[in-house]
1. Provide a single number: the residues in the range 133-186 that are polar (S, T, N, Q) and in contact with a His (Cβ under 7 Å, 6 or more places away or on another chain).
2. For residues in the range 169-187 being of a type outside the set (Lys, Arg) and in a loop (DSSP other than H, G, I, E, B), which is surrounded by the most Cβ atoms within 10 Å (Cβ to Cβ)?
3. Counting only residues that are in contact with a Lys or Arg (Cβ under 8 Å, 6 or more places away or on another chain) and either open to solvent by less than 30 Å² (accessible area, probe 1.4 Å) or of a type in the set (Phe, Trp, Tyr) (or both), which one in the range 106-123 is nearest to Gly192 (Cα to Cα)?
4. Kindly establish whether Met309 is under 25 Å from Ser79 (Cα atoms) and either under 14 Å from the mean Cα position of the chain (by Cα) or not in a loop (DSSP other than H, G, I, E, B) (or both).
5. Only one residue in Glu182, Glu202 is at pLDDT below 95 and out of contact with any Cys (no Cβ under 9 Å at 6 or more places or on another chain). Which one?
6. So which helices (runs of 4 or more DSSP H) stay within the range 15-105 end to end and still have 3 or more residues that are under 22 Å from the mean Cα position of the chain (by Cα) and among the basic types (Lys, Arg)?
7. So which residues in the range 90-105 are modelled with pLDDT under 85 and touching a Leu at 6+ places or on another chain (Cβ under 9 Å)?
8. Inside the range 234-260, can you point out the residues that are of a type in the set (A, V, I, L, M, F, W, C) and open to solvent by 10 Å² or more (accessible area, probe 1.4 Å)?
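The values are calculated or read from the model by the stated rules, or taken from the named source; none is laboratory data. All values derive from a computational prediction rather than experimental measurement. Methodologically, a virtual Cβ is constructed for each residue, glycine included, from the backbone with ideal geometry; neighbour enumeration extends over all protein chains shown. Each accessible area value is taken on the protein alone, full model and side chains, heavy atoms only, with ligands, DNA and RNA left out. Shrake-Rupley method; radii C 1.70, N 1.55, O 1.52, S 1.80 Å.
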Amino acid sequence: MILTSNSDIFLKMEKILRLSPIYNILQKAEHGERLSFEDGVRLFKSNDILHIGHIANIVRERKNGNKTYYITNRHINYSNICKNRCKFCAFSREKTESGSYEMALEEILEKAMTAVEEGATELHIVGGLHPDLPFDFYVKMIHEIHESCPDVHLQAFTAVEIEHLSQIARLSVRQTLRELREAGLGSMPGGGAEVFSPKIREQLCPEKLSGEGWLQVMREAHALGLRSNATMLYGHVETAEDRINHLMKLRELQDETGGFLAFIPLAFHPKNTELSNSTGTTAMLDLKVISISRLMLDNFDHIKAYWIMLGIKLSQVSLSFGVDDIDGTVQEEKITHAAGAETPEALSVREIIKLIKESGREPVERDTLYNPVRRKRALAQTR
């Protein structure tokens, strides 16, 4: 019996990789060189997912070692009433439509306090563009949660919501953000970016804030010291060129501000939307988007697998394809489940740790800003 050393295996892998038509691009990424638009498109048009994923994993480990981050958080979707009716959204309702809802401040506060009692360090608060709720409602919501739960981080309101609130309040975006920050807003989620292509937005969400508008709101937030995430919704009608253009615009803004915490690819779920005839994403596309995002976004520290959309099993696989963050406990997610997601609405800390360890990674609980969270062992084991 002949035993083969690890070095022999890696030499053989390198020889195979050299035969790939995208070898020069992967070499650039491995050596820390910035990829171009043309490089990104070529990667999407290649089916060499194992080699793309291999280099994405090298970049991931160069930035974060063997660590995989998670957070103990809670989602609060305060209302699904929305003046926009995006074709890819199954969550939104008109005010008089069956299934519409809006939470009272008391209910929101109760959910927040319960989450904090259960160990949450972050509340993720988003909703529809409600046509009637006054700006004071949002300021009071953030203020009362912050006063009652001063140690929890409030990540709230997408860039689209902020633009909507600025119109309601008749304030500039910057002043709107200032007032919310003073009330207790800690950072912003990355939702509402969808795909920046004007052509795609005109087709799917013509009433929504433009891609350039989304970027400008984030620019204003970062200028005020508010960090944020970034997203891209993929798997509907966009092209490889649309995806790479989106990633490059995010990369350019990150060069300018350094304000993005993480990038989160969002897999489209078509059920109950106006695009219900779409097949949605495949595992191949999911892994491509994740890996190529890791390679293109060289100035982002973290790539997150949102297990709610991606699925638990593929989220585990993604930890070897560029992902270093598995999101969190979530609790009561409504938006993706309205579109037919079959994942649970929450995971326990114990379940998250298990899936990370099964993937051969080191679980690290973090807060919103990626500071490690230290807990007493007894508390951690009961959650």
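1. Count: 1.
2. Looking at the filtered set, the residue picked out is Leu185.
3. Leu123
4. Criteria met by Met309.
5. Glu202 is the lone residue from the list that is at pLDDT below 95 and out of contact with any Cys (no Cβ under 9 Å at 6 or more places or on another chain).
6. The helices (runs of 4 or more DSSP H) meeting that bar are 49-64.
7. Ser92
8. Val237, Ala240, Met248 - these are the residues of the range 234-260 that are of a type in the set (A, V, I, L, M, F, W, C) and open to solvent by 10 Å² or more (accessible area, probe 1.4 Å).
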